[in-house]
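For reference, the structure is listed below as structure tokens.
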Amino acid sequence: MESAFKKYSKFYDLLYKDKNYKKEVDYVDELMKANGKNIKSILDLGCGTGIHAEMLYDKGYDISGVDLSEEML
């Protein structure tokens, strides 16, 4: 029997094709900077396909992502 994650992973990109990843990443970046601490590393739990992680890496963060779903990675 096919796992729920495996089924979901097949349609993930289609479901979120209009998602504004840049806006979300910019918001997280602003929150990190507003915190007043020099945050350099992020642990992305449930990273899925890693789009947020890649974009945060491009902004200079050291980022590690983990996900229970092998299909999403």
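The values are calculated or read from the model by the stated rules, or taken from the named source; none is laboratory data. For clarity, every value in this text was computed on a predicted model and none was experimentally measured. Here the Cβ positions follow ideal geometry from the backbone for every residue, glycine too, while neighbour counts run over all protein chains shown.
Details
- Some residue of segment 9-19 being of a type outside the set (Lys, Arg), touching a residue at least 12 places away in the same chain (Cβ under 8 Å) and in contact with a Leu (Cβ under 7 Å, 6 or more places away or on another chain): no
- Taking the criterion of being surrounded by 11 or more Cβ atoms within 10 Å (Cβ to Cβ) and of a type in the set (Gly, Ala, Ser), the residues of segment 38-73 that qualify are GLY48, GLY50, ALA53, SER64, GLY65, SER69.
- Screening LYS37, LYS23 for residues that are basic (Lys, Arg) and at pLDDT 95 or above leaves exactly one candidate, LYS23.
- Being touching a helix residue (DSSP H, G or I) at 6+ places or on another chain (Cβ under 9 Å) and charged (D, E, K, R) holds for only one residue in ASP58, ASP62, ASP13, and it is ASP58.
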